[in-house]
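Notes to accompany the following structure.
The values are calculated or read from the model by the stated rules, or taken from the named source; none is laboratory data. Just so it is clear, the model here is predicted, and its values are computed rather than measured. Quick reminder, even Gly has a Cβ in these numbers, built from the backbone with ideal geometry, and neighbours come from all protein chains shown.
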Amino acid sequence: MVTRIDKTFAALKRQGRAGLVTFITAGDPDYDTSLAMLKGLPAAGATVIELGMPFSDPMADGPAIQASSQRALRAGQTMKKTLSMVREFRAEDDTTPIVLMGYYNPIYVYPVDRFIADAVDAGVDGLIVVDVPPEEDEELRPAANAGGLDVIRLATPTTDAKRLPAVLANTSGFVYYVSIAGITGTAAPDIAAVGAHVGRIKAHTDLPIAVGFGVKTEQQVSELAGIAEGVVVGSALVSAIAESLDAGGKATAKTKPHLLGLVERLSAALRHEAEAAAV
Amino acid sequence: MSTVTNTRAQNTYRGGPDENGHFGLFGGRFVAETLMPLILDLEQAYTDAKADPSFQTEMDGHLATYVGRPSPLYFAERLTEHCGGAKIYFKREELNHTGAHKVNNVLGQIMLALRMGKTRIIAETGAGMHGVATATLCAKFGLPCIIYMGSVDVARQKPNVLRMKILGAEIRAVESGSKTLKDAMNEALRDWVANVHDTFYCIGTVAGPHPYPAMVRDFQSVIGRETREQMLAAEGRLPDSLIACIGGGSNAMGLFHPFLDEPGIEIYGVEAAGHGLDSGQHAASIAGGRPGVLHGNRTYLLMDEDGQIEEAHSISAGLDYPGIGPEHAWLNDVGRVEFLSATDDEAVAAFQLCSKLEGIIPALEPAHALARVIDIAAKKPKDHLMVVNVSGRGDKDLDSVASYLDAQTRGAN
């Protein structure tokens, strides 16, 4: 089966450019605004959408995504609502891949088998579960793969040569390279170091590689576009949402255009990079 | 699960965890990839240290001359008379340097950090006792120390905050989430991910990713080993029952583990029931939780229907955690340890009773265990030997108890 993720990266390859992978948290700042933004992301230039499943204790996330998770939970977001958001998106868009990203506990208690069935049914394409490393994913990955979901693993600056083959062994869809040893949205990646690490990963896999954590600016996006097949932006987007809210933390008329405007600028930076490289 | 089967086949409750850190369904290594290589290194370093006799010899020396071990096993004669049943013994962990059992584990971990060449120590703390123990050992060994503590706990445990500062530690008040122990642990994990090369994360209880639950248990098991020898010396036989309070459960695991395979010994863990198990405001993960995954391990957790972690409540900051160590979760499921609970009210009453009858002001944490000792001892024959772990001293809790009693008095008027 050729998946939406495979098709998307194949198309990018034909176009000779990297894709923009955008992260927002489902239900931030409320269900309706979040859904409207989700629906607007592809036209604004998002090639792959990572949709955060909010969790009370996001241990690998920095302050921006922590706050975004809290906003979504306060507004009443649940796993069922997150899946229903994907279903509503999928009714209008059958091509843009959606990868759910988050932590294991809400999946584990759903429980796993039912979660996979419901996610497939809603039109989810892949999962990134931050706190399930290869050592623990036998209880999730085989069932997810059998259902047609890619389980995208993270490789990090601490994933050494000895460990890398085990990390890549059962990953599919793409590889997410975490560009800093740290939490989301904090330090800026060192482009040269990222290039070296991505080169090392490419020696072991033919899968596309998306690079994220700490990527905020148009300049970073265009620099990373020369290195990887996808560039992930998350904290900067949820910060844009936060900036647009009223004093009570509610969505305003500015919220959707503010987010999508930033996505358009980041996407334009990627396309310029590709055009410059082609010349 | 396989571990349950294997462990039972070997006829022992002490064989866990398996090589992947699982105690039956529980435990494991549920951490971000960035941390995986680190906890694998830590596991290797700990395995090497355990096999190195000089590591244990050096630790024994520090335990004797710096911590003040062995801690006494004390016959609580007036409390025994008051209850009118079992002979009650206190394992006096509150007499250790720094005033609690926490130092046993911190000593082991700091020695391991030095062995691994780590130069910066981070820790989380709830009541502050683990933070004080970590700050103390960092002072002794000349290491920089950063303590993450929820801002709610910073406010209610002022004496310990001051102690940590005097000892040279940097306190980082955590403002995220419920601003208590679980959030301090989240923040410590975030620090660790961002400082992997030089930093050692000194976890304070028998929780977290493998190898922490097993390693902390091993360092705390000195409590049970001493109790065994001391009871044999005092009474010529082993105790009939053991009882300890449980937040994460390190003082309990330290007392219980050496006795798990003694078939005749009853073992009780006491969780914090806060305002009552039915109130929704408690910290009793086994009584009121279900299996889930948080902070690197699978265990019983307090959570809502959607898997969002709920805030725990207890008058005791040290028990105010929505989870429990994974080995306790397993011991519950296999039926080896019986888990009970005590409310805030019961703990404060036991705190007062123990202070007046024995001249020992216990911490509010072991006061929860004492609350159940009072009931259980009364129902046992006079030749029943019961050991309760008095895991910490109550100086840090005087303000909490005073304001609790004050509120009660005002409520009654």
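The residues of segment B:30-62 that are touching a helix residue (DSSP H, G or I) at 6+ places or on another chain (Cβ under 7 Å) and away from chain A (no Cβ under 14 Å), listed by number, are B:A45, B:Y46, B:A49, B:F55, B:E58, B:M59, B:H62. Among all positions in segment A:203-226, there is at least one residue which is out of contact with any helix residue (DSSP H, G or I) (no Cβ under 8 Å at 6 or more places or on another chain), more than 22 Å from A:A276 (Cβ to Cβ) and surrounded by fewer than 17 Cβ atoms within 10 Å (Cβ to Cβ). Restricted to segment A:191-210, and to residues there that are within 14 Å of chain B (Cβ to nearest Cβ) and of a type outside the set (G, A, S), the residue that is nearest to A:L224 (Cα to Cα) is A:H197. Could you check, for segment B:30-42, whether at least one of its residues is touching a Gly at 6+ places or on another chain (Cβ under 6 Å), modelled with pLDDT of 95 or more, outside the structural domain of B:H257 (by TED's automatic domain parsing) and not aromatic (F, W, Y)? Taking every residue of segment B:30-42 in turn, at least one turns out to be touching a Gly at 6+ places or on another chain (Cβ under 6 Å), modelled with pLDDT of 95 or more, outside the structural domain of B:H257 (by TED's automatic domain parsing) and not aromatic (F, W, Y). I'd like the residue in segment A:158-182 that is under 14 Å from the mean Cα position of the chain (by Cα), of a type outside the set (V, I, T) and within 12 Å of chain B (Cβ to nearest Cβ) and, out of all such residues, is farthest from A:P208 (Cα to Cα). For segment A:158-182, the residue satisfying everything is A:S179.
Would you confirm whether or not segment B:208-215 contains a residue that is surrounded by fewer than 19 Cβ atoms within 10 Å (Cβ to Cβ) and either modelled with pLDDT under 95 or within 14 Å of another protein chain (Cβ to nearest Cβ) (or both)? The answer is no; no qualifying residue exists.
Per-residue answers, yes or no, for (1) of a type outside the set (S, T, Y); (2) assigned to a helix (DSSP H, G or I); (3) at negative phi; (4) more than 13 Å from the chain's Cα centre (by Cα):
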site	(1), (2), (3), (4)
B:T205	no, no, yes, no
B:G224	yes, yes, yes, yes
B:Q230	yes, yes, yes, yes
B:A233	yes, yes, yes, yes
B:A244	yes, no, yes, no
B:L255	yes, yes, yes, no
B:P258	yes, yes, yes, yes
B:D261	yes, no, yes, yes
B:E271	yes, no, yes, no
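B:E229 meets each of the listed conditions (1) outside the structural domain of B:S316 (by TED's automatic domain parsing); (2) modelled with pLDDT of 95 or more apart from (1). For the residues A:A10, A:A72, A:A60, A:A67, the requirement of being within 14 Å of chain B (Cβ to nearest Cβ), farther than 25 Å from A:I116 by Cα and either assigned to a helix (DSSP H, G or I) or at pLDDT below 95 (or both) singles out A:A67. With a requirement of 3 or more residues that are out of contact with any His (no Cβ under 8 Å at 6 or more places or on another chain), the helices (runs of 4 or more DSSP H) lying completely within segment B:285-401 that satisfy it span B:326-333, B:344-358, B:364-378.
Only one entry of B:T65, B:T57, B:T98, B:T47 meets the criterion of being under 27 Å from B:L364 (Cα atoms) and polar (S, T, N, Q), and that entry is B:T98. If you go through segment A:54-99 and keep only what is under 15 Å from A:T184 (Cα atoms) and among the hydrophobic types (A, V, I, L, M, F, W, C), you end up with A:F55, A:M59, A:A60, A:A64, A:I65, A:A67.
Scanning segment B:143-192 for residues that are over 18 Å from the mean Cα position of the chain (by Cα), buried (at least 23 other Cβ atoms within 10 Å of the Cβ), more than 14 Å from chain A (Cβ to nearest Cβ) and not in a helix (DSSP H, G or I) yields B:C145, B:A169.
Among all positions in segment A:112-119, there is at least one residue which is without any contact (Cβ under 8 Å) to a residue 24 or more places away in the chain and either part of a helix (DSSP H, G or I) or crowded, with 24+ Cβ neighbours inside 10 Å (or both).
A residue that is over 17 Å from the mean Cα position of the chain (by Cα) and either closer than 16 Å to B:G254 by Cα or modelled with pLDDT under 95 (or both) occurs somewhere in segment B:332-345. Scoring A:V151 on the criteria (1) within 14 Å of chain B (Cβ to nearest Cβ); (2) farther than 25 Å from A:A119 by Cβ; (3) among the hydrophobic types (A, V, I, L, M, F, W, C) leaves a single failure, condition (2).
Restricted to segment A:194-225, and to residues there that are of a type in the set (G, A, S) and without any contact (Cβ under 8 Å) to a residue 60 or more places away in the chain, the residue that is nearest to A:A268 (Cα to Cα) is A:S222. Taking A:K216, is it away from every other protein chain (no Cβ under 14 Å), under 18 Å from the mean Cα position of the chain (by Cα) and of a type in the set (K, R)? For A:K216, the condition - away from every other protein chain (no Cβ under 14 Å), under 18 Å from the mean Cα position of the chain (by Cα) and of a type in the set (K, R) - is met. Within segment A:6-35, being aliphatic (A, V, I, L, M) and within 26 Å of A:Y110 (Cα to Cα) holds for A:I24, A:A26, A:L35.
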